[in-house]
1. Return the subset of B:LYS74/B:LYS249; B:LYS214/B:LYS261; B:LYS214/B:LYS284; B:LYS74/B:LYS142; B:LYS88/B:LYS142; A:LYS96/A:LYS210 for which the Cα-Cα distance in this structure is over 21 Å, preserving the input order.
2. What distance in nm separates the simple spin-label points at A:ALA60 and B:ASP66, each placed 7 Å from Cα in the Cβ direction?
3. Which order do the peptides A:193-202, A:302-311 come out in when sorted by mean C-beta neighbours inside 10 angstrom, highest first?
4. At 10 °C and a viscosity of 1.306 mPa s, what translational diffusion coefficient does Stokes-Einstein give for region B:49-286, taking Rh as the Kirkwood radius over Cα pairs? Give it in µm²/s as a whole number.
5. Would you give the gap between the C-alpha center of region A:313-382 and the C-alpha center of region A:71-132, rounded to a whole Å?
6. Under a crude label model (7 Å from the Cα following the beta-carbon direction), how far is B:ASN120 from B:THR191 in nanometres?
7. So, in Å, what gap is there between the alpha-carbon centers of region A:221-284 and region A:287-305?
8. Given a Förster radius of 60 Å and the C-beta distance between A:GLU415 and A:ARG361 as r, what FRET efficiency does 1/(1 + (r/R0)^6) yield to the nearest 0.05?
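Any read-out appearing in this document is the output of simple, stated calculations on the displayed coordinates, not a laboratory observation. Quick caveat: nothing in here was measured; it's all calculated off a predicted structure. Cβ atoms come from the backbone with ideal geometry, glycine included; neighbour counts cover every protein chain shown.
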Amino acid sequence: MADRVERSPGFGETPISRRDLLKMAALGGAGLLLGGAGAGGLLTALERKGAAEKDRRYEAVPFYGAHQAGIVTPAQDFVVFAAFDLTTDSIAEVRKLFRAWTEAAAAMAAGGMIGDDNGNPNVPPSDTGEAAGLRPSRLTLTFGAGPSLFDGRFGLAGKRPPELQDLPAFPGDELLPEWTGGDLAVQACANDLQAAFRAVRNLARIARGKAALRWVQEGFQRTGGADPSGGTPRNLMGFKDGTGNPDVTDDKAMNEIVWVQPGDGPAWMAGGTYMVVRRIRIRIEVWDRSTLADQEATFGRHRASGAPLGGSGEFDPVDLERRGEDGQPLIPMNAHIRLAKADGVRILRRSYSYSSGLDRRTGQLDAGLLFIAFNRSTAKQFVPIQRRLSRSDKLNEYIVHTGSAVFAVFPGVREGGYIGDTLL
Amino acid sequence: MKAGVKYLAWLLAAAFVFAGCSSETQSAKPEASTEAEPAGSGSPAADSGLQQAISQYREYAIGETDSLIVETEKFVKAVKDGDIDTAKKLYAPTRMYYERIEPIAEALGDLDPNIDARENDVEEAEWRGFHRIEKGLWAENKTAGYEDYADRLLNDVKSLRALMETVDVDASLLVTGAVELLNEVSSSKVTGEEERYSHTDLYDFAANVEGAKKIYELLRPELESRDADLSREIAGKFDALEERLNRYKSGDGYVSYLELKDEDTRALSQALDALAEPLSMMGKALGV
């Protein structure tokens with residue numbers, strides 16, 4: 001899905017140099033980059049390019065393809081994640097649902113309205129209308145099935161991939177049932193939150209009588225427009241989040257790390273992936289009063305630059321052996337990036353910050369990270385990493401996992417097909 | 001009751017002539033048509049099928065209102081006699097006659113607020129009707145001082161009956177009325193906000209659903225001939241919702257709303273949405 005080679009996968013923005021060029025053209029603040037009175041041919045071309053870039057943030061992302069969109073697609077600004085439970089016992093109804101969802105998803109991703117009854121006064125409109133007139137905003141809709149789908153209600157027990165199981169309990173988990181599990185998942189991402197919300201809301205409406213929402217979480221990151229450098233976004237702890245992610249434009253890496261290969265498990269999953277979702281609440285008030293040194297030691301990186309402790313640039317290699325004058329490792333033994341990197345096992349993270357009001361008992365913010373990751377084998381990739389982290393990560397003092405779910409993300413949909421058709 | 005008159009109020013402005021419904025229409029059977037046609041297209045078969053549903057609904061609504069008068073008289077007598085136990089016993093079952101046909105009442109001016117307003121729906125000085133008396137019976141545990149409210153309630157219920165003769169019911173009203181009844185449940189009964197003192201919300205819930213089901217049943221022959229799948233889906237969802245609601249039966253009535261746990265409320269609410277969505281498609285199928 002990437003339009004060009006980007007060093008920091010996860011962002012739809014242009015490389016630094018072009019933006020710097022625009023700045024150097026003496027237009028003053030970033031706000032004057034577009035539409036201002038040009039000064040010569042160079043600026044006109046840049047202006048046009050600037051306008052085109054702006055356009056790209058709101059263009060359509062193709063729904064159909066070998067893989068579903070929204071996985072290696074550079075992360076859009078907003079997510080609305082929804083887990084559903086089926087309320088029907090009939091597999092025929094599930095197929096109907098998936099067909100209807102596919103039709104709606106394809107229409108929404110293309111920037112259109114759902115259905116034909118949007119002007120008939122006597123009928124509830126087929127599309128709820130809040131995205132009317134909006135650009136597609138790079139909306140992607142990604143669908144998956146949880147382990148519970150294969151529990152026997154639909155005769156699918158024999159098709160459950162061995163890979164797809166509930167996660168083990170990790171030390172420190174405080175999982176709440178209201179943020180956990182789900183027969184089905186829909187991840188809606190877009191550069192416009194209204195577009196993403198509208199997608200989930202319409203899919204939920206289409207599902208009435210067949211599936212009901214189990215839990216929903218909206219998430220965000222800084223908007224692409226707010227960060228002229230197009231750099232790694234920061235999480236709500238103030239630290240750059242995603243520096244160590246694998247390169248989504250590297251097909252070989254993606255086939256190793258993300259995409260289920262033929263032979264990995266049941267044939268219907270080839271071209272799909274496994275998704276892990278963890279709702280991780282940050283103890284914001286506690287974090288805010290910890291020292292910078294403490295914070296940096298927690299992550300193992302400098303806050304301002306994102307450089308690993310001992311390094312100077314964000315993308316400097318992480319040197320776990322380097323020691324300080326006192327003989328102690330510069331990156332502490334319980335630092336987050338040390339524990340996350342160990343064994344060299346990698347996952348593709350595509351997380352968002354979330355904010356959901358207050359904890360009514362304490363008056364503290366309920367905000368944190370909606371951790372979303374994709375991997376080819378949860379048992380071999382995510383689980384060992386999380387096991388290590390949950391036991392020893394210094395970050396654990398500041399976070400608590402309150403929600404969890406895993407899903408088998410279906411392979412891509414061909415035109416004429418529908419989501420999950422390789423399974424159903 | 002929700003604050004304010006809903007869109008059905010536009011009916012007030014409509015001609016107050018009951019659309020050609022006399023007892024003669026009721027005996028006319030709809031002819032089988034070779035092709036489904038939209039209502040109002042002039043096809044006698046389609047029009048008379050819906051006309052029959054309309055006149056049958058009118059009969060039903062009038063019947064319910066007649067019963068409402070009879071039951072309200074008993075309720076009012078108990079209040080005026082100071083018989084608080086009987087008054088409490090009669091309160092919720094009496095209201096069911098109203099809740100079955102509530103959207104019709106809402107189309108008739110001030111009657112709905114006068115009969116069914118909750119405490120903060122209207123100014124204190126204007127607050128009257130069932131819920132005012134409810135507060136007296138349950139929150140204050142008395143009838144004294146509520147005799148006037150009882151009398152006025154009975155008068156309002158009789159006015160409702162009189163105005164019933166003038167309501168212009170068309171197929172569109174029937175269809176939207178069915179969904180309105182379920183929206184009533186979503187908005188206040190499923191959350192326990194309707195019966196703040198007596199907690200008899202499940203009676204209202206059941207009555208709203210019965211009212212919606214009646215409309216569906218009257219429209220069913222026509223609906224089945226146009227979209228049998230939709231009709232079947234609606235029937236199935238009514239069954240599912242009723243089955244759920246029946247779990248909370250107690251004798252001839254229902255348990256207190258306070259006995260519901262969050263998961264009960266949620267399951268009822270989802271079953272309700274699962275029914276209301278296809279029900280809202282009846283109009284399209286019937287061409288109204």
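1. Table pairs above 21 Å Cα-Cα are B:LYS74/B:LYS249; B:LYS214/B:LYS261.
2. That separation, rounded to one decimal, is 6.0 nm.
3. Numbers: A:193-202: 22.1, A:302-311: 18.5.
Most protected by this proxy first, the peptides run A:193-202, A:302-311.
4. The Stokes-Einstein estimate is 87 µm²/s.
5. 34 Å
6. Label-label distance for B:ASN120 and B:THR191, simple model: 1.0 nm.
7. Region A:221-284 and region A:287-305 have Cα centres spaced 23 Å from each other.
8. 0.75
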